[in-house]
Amino acid sequence: MHSLAQEIQSFSKNALRKQCTRVTTLTGKRIIETWKDSKVQAVEEAAQPEGACGYVQDLSLDLQIGVIKPWLLIASQDVAQDFETLKKFKVSHVLNVAYGVENTFPEQFVYKAISILDLPDTDITSFFQDCFRFIEKAKAQNGVVLVHCNAGVSRSASIVIGYLMSTEYLHFDDAFSLVKNARPAICPNPGFMEQLRKYKPCDGSQFNGNVDP
């Protein structure tokens, strides 16, 4: 009979990484996010229509950074794990809204990690206040904040779009265009798009401007 200590020692974290998340993009293309080698891999389930947005099956590194403001950047987890790129862009703060992606350089940067599932029924607006406070804190400290998720396509884009709507008083279309121009790969899932279109910073769910010390 195994003792509790033996059970704990033999337990592998990979046992928790069997999760499979199926996401449908705006074009109807289905994506499956699964764990592989301790990272989330996005694989498309159906052929992608010409001109469609969203994930593509690509195993190469995505080091493309979208510069929204001189102090506000958006990218994929690949950038968050590339120390040279982070230093090149003078990143000081990292907002990690991926699911299952660890903070790689905790001694070098200020991190905030909020695990968000990229599912249409996830209430992305419920995370806005915490995320916006962290971004404002970085700005107040004259820092540069990188917002990233797994692919830098849906979750991080939605957070940045919501932030611009809340702090810059931009209409959804204008905020979306600004982020899309900075990082063309962005494509929030249909549920996030609907929430962003309905998002009204004056409805009480917005960032209230207070910055934690």
Flag for Lys180 being out of contact with any helix residue (DSSP H, G or I) (no Cβ under 7 Å at 6 or more places or on another chain) and assigned to a helix (DSSP H, G or I): yes
Any chance segment 81-96 includes a residue that's at pLDDT 95 or above, closer than 14 Å to Leu196 by Cβ, in a helix (DSSP H, G or I) and not small (Gly, Ala, Ser)? no
Output the residues belonging to segment 110-121 that are within 13 Å of the chain's Cα centre (by Cα), surrounded by 17 or more Cβ atoms within 10 Å (Cβ to Cβ) and part of a loop (DSSP other than H, G, I, E, B). Ile116, Asp118, Leu119
Count of segment 135-166 residues which are crowded, with 22+ Cβ neighbours inside 10 Å and not small (Gly, Ala, Ser): 13
Could you list, ordered by first residue, the pairs with Cβ atoms under 8 Å in which the first is in segment 173-191 and touching a residue at least 40 places away in the same chain (Cβ under 8 Å) and the second is of a type in the set (Asp, Glu), at least 6 apart or interchain? Ala185/Asp62; Asn189/Asp118; Gly191/Asp121
For segment 167-192, the count of residues that are more than 17 Å from Ile124 (Cβ to Cβ), of a type in the set (Gly, Ala, Ser) and buried (at least 17 other Cβ atoms within 10 Å of the Cβ) equals 2
Matching residues in segment 44-64 (farther than 13 Å from Cys187 by Cβ and either of a type in the set (Asp, Glu) or at pLDDT 95 or above (or both)) number 4
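The values are calculated or read from the model by the stated rules, or taken from the named source; none is laboratory data. Keep in mind it's a predicted model, so treat the numbers as computed, not measured. So basically every Cβ, Gly included, is an ideal-geometry build from the backbone, and we count neighbours across all protein chains shown.
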